[in-house]
Amino acid sequence: MKVLQILPELNIGGVERGTLDLSKALVQKGHKSYVISNGGKLEASLIASGGNHISMPIHLKRFKTLKLADNLYKIIKEINPDIVHVRSRMPAWVTYRALKKFKKNKPVHVSTFHGLYSFPIYSKVMAKVDHVISISKTVEDYIKSTYKVSPNKITVIPRGCDLNEFNEEPLTSEWTFDWYQEFPYTKNKRILTLPARITKWKGVDDFIELINLLDNQNIHGLIVGPVSQSKKKYFKKLKAKVEVLNLQNRITFCGSRSDIVNIYKLSDIVFNLSKTPEPFGRTTIEAASVGTKIAGWNHGGTKEILSELFPQGLVELGNLSELKNKSIDLLSQEELRPKKNIFTSERMINSTLSVYESLLRTDK
């Protein structure tokens, strides 16, 4: 089997990591893997694991990118893949135009909806395929209602994390020493963590309110995530709020961290407080995988994950009083742990390969 995946770039992110993991699995199982993107930090890893990469500026969201369809058609014809799998909207438009040029031997066309895409006129191309993969039931419901896609044309394959990376091994003394050197005021504290980039819909302001409501000097809040240039103004507002509430010694903005696995392990509870429904909620499964308690609003992908792995952590959307009480309750139950994580990379990959094989059998 030959599989061609098409996405904007190969930099760090869930979509990119999933592309890389699938490529690696294809090669290990004796298949051929090709990826078209504008390249990026993960390109070398893709090639090292046996995948083939073809560079194309397919990431640019402008009309002239559509002109790449002629070139893409030639590449697809030369590779002659069994499956063409698109993972983003602009690449999907270019691919759609390229595949329309085929008179015969057209490959099976698959897309993955990685989010609750806004702007349906632009996004509808993701549904103009032979089969759609949805990353959650929440996204599946959105696809059916927004794009009127038949249920038998959709397969739900939840995203997953690598259990070798997100494991339950204890923290090393070296990492712990370095952490407390950098953040000495977190020592001997109960740690509540919100892993989220700084943006309004991620619920950072609600997390700050939670720490304030708990009013306990033994509790310290960590906000772990990057601040993009466009969110600098909002970040200043959040820091001002922390100062107004006099929480400077009880909340730390950690920025983007490469040791997030260890921060999950250090934490007593990890939260997902996104105000709009998460398409999935990757940080929630990552925290559950290391054995840390998780909590979040009762909607979207977060609800799906918590219902499966840790229903004790579900909280009515926007109810800060309940969130406070839930946090106190979870902190008091030392032995309480999430169920074994079923949302794994291995499951995601095997399910995707099964979809490919089923489609190819049907196509014959």
What is the residue count in the range 89-121 for residues that are hydroxyl-bearing (Ser, Thr, Tyr), at pLDDT 95 or above and either part of a helix (DSSP H, G or I) or over 19 Å from Glu16 (Cβ atoms) (or both)? 2
When you go through (1) of a type in the set (D, E, K, R); (2) farther than 14 Å from Pro279 by Cβ; (3) surrounded by 12 or more Cβ atoms within 10 Å (Cβ to Cβ) one by one for Arg159, which number turns out not to apply? (2)
Just checking, does the range 323-332 include any residue being under 30 Å from Val132 (Cα atoms), at pLDDT 95 or above, hydrophobic (A, V, I, L, M, F, W, C) and within 25 Å of the chain's Cα centre (by Cα)? no
Please go through the range 159-172 and pick out each residue that is in contact (Cβ under 8 Å) with a residue 24 or more places away in the chain, in a loop (DSSP other than H, G, I, E, B) and farther than 18 Å from Tyr117 by Cβ. Gly160, Asp162, Leu163, Glu165, Phe166, Asn167, Glu168, Pro170, Leu171
Residue pairs meeting the criteria (Cβ under 8 Å; at least 6 apart or on separate chains; first not assigned by TED's automatic domain parsing to the domain that holds Val110, in the range 16-30; second surrounded by 23 or more Cβ atoms within 10 Å (Cβ to Cβ)): none
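Per-residue answers, yes or no, for (1) touching a residue at least 40 places away in the same chain (Cβ under 8 Å); (2) surrounded by fewer than 16 Cβ atoms within 10 Å (Cβ to Cβ); (3) farther than 18 Å from Asn319 by Cβ; (4) not assigned by TED's automatic domain parsing to the domain that holds Ile260:
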site	(1), (2), (3), (4)
Leu194	yes, no, no, no
Thr199	no, no, yes, no
Asp205	no, yes, no, no
Ile211	yes, no, no, no
Leu214	yes, no, no, no
Lys233	no, yes, yes, no
Return only the number of the condition from (1) under 20 Å from Gly296 (Cβ atoms); (2) surrounded by fewer than 18 Cβ atoms within 10 Å (Cβ to Cβ) that Leu331 does not satisfy. (2)
Check on Tyr142, over 26 Å from Thr276 (Cβ atoms) and part of a helix (DSSP H, G or I): no
May I ask you to list pairs of residues, at least six apart or on different chains, whose Cβ atoms are under 6 Å apart, with the first in the range 302-318 being assigned by TED's automatic domain parsing to the domain that holds Asp206 and the second being in a loop (DSSP other than H, G, I, E, B) and crowded, with 22+ Cβ neighbours inside 10 Å? Thr302/Glu278; Thr302/Gly281; Glu304/Ser136; Ile305/Gly281; Leu309/Pro338; Phe310/Pro338
Lone unmet requirement of (1) more than 20 Å from the chain's Cα centre (by Cα); (2) modelled with pLDDT of 95 or more; (3) under 30 Å from Val86 (Cα atoms) for Val132: (1)
Is it fair to say Ser118 is surrounded by fewer than 20 Cβ atoms within 10 Å (Cβ to Cβ) and in the same structural domain as Ile75 (by TED's automatic domain parsing)? yes
Could you list, in sequence order, all residues of the range 341-364 that are without any contact (Cβ under 8 Å) to a residue 12 or more places away in the chain and among the basic types (Lys, Arg)? Arg361, Lys364
Matching residues in the range 244-287 - criterion: being buried (at least 22 other Cβ atoms within 10 Å of the Cβ), of a type in the set (Ser, Thr, Tyr) and under 26 Å from Phe177 (Cβ atoms): Tyr264, Ser267, Thr283
Could you say which residue among Lys128, Lys124 is more than 20 Å from Tyr356 (Cα to Cα) and in contact with a helix residue (DSSP H, G or I) (Cβ under 7 Å, 6 or more places away or on another chain)? Lys124
Number of the condition not met by Lys67 [criteria: (1) surrounded by 15 or more Cβ atoms within 10 Å (Cβ to Cβ); (2) touching a helix residue (DSSP H, G or I) at 6+ places or on another chain (Cβ under 9 Å)]: (1)
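The values are calculated or read from the model by the stated rules, or taken from the named source; none is laboratory data. None of the values given here were measured: they were computed from a predicted structure. A quick note on method: Cβ atoms are made from the backbone with ideal geometry, for glycine too, and the neighbour counts reach across all protein chains shown.
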